[in-house]
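Asks: First the structure, which I've put down as structure tokens, then a few questions once you've had a look.
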Amino acid sequence: MATRSLWGARTKLALSATALIGGGAAANVATSDDPAMTLKLYTTVPPRLIRDAMTATAIAFDYEYSLWGLPEGSSEREKTKHEVHLRSARKLQELCFSNGGIYIKLGQHLGQLEYLVPQEYVQTMRDSMLNKCPVSSYEQVCEVVKKELGDTPDKIFAEFDPVPIASASLAQVHVARNHDGKKVAVKVQHTHMTDTAAADCATVHFIVNTLHWIFPSFDYRWLIDEMRESLPKELDFINEAQNSEKCLENFQKLSPHIAAYVYAPKVYWNLSTSKLLTMEFMDGAEVNDVKTIKRLGIRPDEVARLVSETFAEMMFKHGFVHCDPHAANLLVRPLPYSGKSILGKKKPQLILLDHGLYKELDFETRTNYAKLWKALIFADANAIKENSAKLGAGEDLYALFAGILTMRPWNRVIDPAVDHLVIQGSESDRSELQMYASQYFSQISELLRRLPRVILLMLKTNDCLRSVSNALLQVPSLETFMIIGRVSSEAVIEAKLSQKRSFLSWLSAWLDKILLEARLFTMQVALWLLQGRKSLSWRN
């Protein structure tokens, strides 16, 4: 039955691909408002679709053939499944690199979906998709610079290194010096992006809709809408530059207590266009490079706290959120003009790079999201249910929503223990998460379909931050959750004060603040006692 179903699915896929690539293509080219672009689409889409279909078929056959006849739950099946997961993840990785562009961004996103895909896929994508992207040739770079700034790099800049220091899915970065002698970073969009972006959207549109037709529970059509909205913004470097300046302004106005600890490179507007961005060059360690961070005299746990507080302030107070905070986009350096602390360590400054993908949360969404996280931190089941429903999870999927946000099962989410949200990182924890991912796949798909797209981007941001925190701390920690609890609670109090101006409402808000401080102090004491017991147990 499984084989018949698989072959039936392949037949549907083949018929759909034939319909897309065949007769409809000529008709669309002839009737299009832009025949040249439409023709380019139809010469670019088929190779991508062929690669997509071949990869999907190879992966499906590998699972079907390799697991055939192996009993569910047997050690042999689990071992074989692990090997198939690894092979399939590498095939998918190769597909992303072959197609490039948007496919690499999708691979990066896949690397964050611990709650949905096997660990082998997550790890393979994380290890390859951030710093090993395809590189444009120097001739292609010269072509972009000349088109955007009117001359070749050697004429526009006093110095220009033809070898990029980094390459991402949409662009690559070169080190240069302007004619004032200042070192700058020049971000140049890949030449193929303008032509292939529409083609990539078309292929992803086709694949997602076809998969939904074959497997109705696999409904990721929201991904198409999100891509159509966010991609043009990410391809517009003027928009990115404006986002970076707005981000820093928000910290100066709304979060002055940490504004000095958060930085974004200065933009050289006279040397920037929609496809080329010239910025101040930044020296620093990638946020997950623990050895270099220590060598700089900075404590990794302080960096973890700063990252948590920075993004908590953005999400719960600013409502303007950097939604791509993976390790390659976060640098750390010693805070300029500051001396060493009592312990001889330097204070960290977090440098935010790649400001192309931001999301704005309106007041109501931001407040409800803050209330939800406050409820999660303090294990308030009723408030979790109420605010999950307000954010779109409904009355039936609130427990699953809480699980995706915290990566903990419901019984741990509502556990009153002080460390109830801490993931131990053990094999049993990982296997439990994977079990939930496979057991509730259809419900997770339904939840992702229901949630507003802005909340989907918050999930992605949350996943990136969790990965960064794990790399920095390398051991379970409650402190980042306490920071989230404090900032989300403060945001809820501030929202209450902004809506009501009476003395009683003001007094109520201040009482809430006093209760919050008392609650956080109690949690901190419990944390110290817990850490003391664990340390004593370890010594014994």
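The values are calculated or read from the model by the stated rules, or taken from the named source; none is laboratory data. Owing to the predicted nature of the structure, the values given are computational and were not obtained by experimental measurement. Ideal geometry is used to build each Cβ from the backbone, glycine not excepted, and the neighbour counts take in all protein chains shown. For the accessible areas, the whole protein counts, side chains as well, though only heavy atoms, and no ligand, DNA or RNA atoms are used. Shrake-Rupley method; radii C 1.70, N 1.55, O 1.52, S 1.80 Å.
Asks: On a 1.4 Å probe surface of the protein chains, which of Phe237, Phe61 comes out largest in accessible area, and what is the full order? Mind dumping the intermediate values first?
Replies: Values: Phe237 0, Phe61 115 Å².
Result of the area sort, largest leading: Phe61, Phe237.
Asks: What ranking, highest mean first, results for peptides 349-358, 457-466, 134-143 when packing means the other Cβ atoms within 10 Å averaged over each residue? All intermediate terms of the calculation are to be shown ahead of the outcome.
Replies: Values: 349-358: 22.9, 457-466: 20.9, 134-143: 15.4.
Put in order of decreasing packing, that is 349-358, 457-466, 134-143.
Asks: Using a 10 Å cut-off on Cβ atoms, rank the peptides 406-412, 310-316, 166-172 from the highest mean neighbour count down. Before the final figure, lay out each step's value.
Replies: Numbers: 406-412: 17.9, 310-316: 25.3, 166-172: 21.6.
Top to bottom by mean Cβ count within 10 Å: 310-316, 166-172, 406-412.
Asks: Using a 1.4 angstrom probe on the protein heavy atoms only, could you order Arg48, Arg228, Arg295 from most to least accessible area?
Replies: These residues rank, largest area first, as Arg295, Arg228, Arg48.
Asks: Can you tell me how much longer the chain between Asp283 and Glu143 gets when fully stretched, taken as 0.36 nm per residue apart minus their C-alpha distance, in nm with one decimal? Don't skip to the end; give the middle numbers.
Replies: On the way: separation 140, 0.36 × 140 = 50.40 nm, distance 2.78 nm.
Answer, rounded to one decimal: 47.6 nm.
Asks: Another one. Would you mind computing, in nm to one decimal, how far apart the modelled labels at Trp269 and Gln252 are, each placed 7 Å from Cα along Cα→Cβ?
Replies: 1.3 nm
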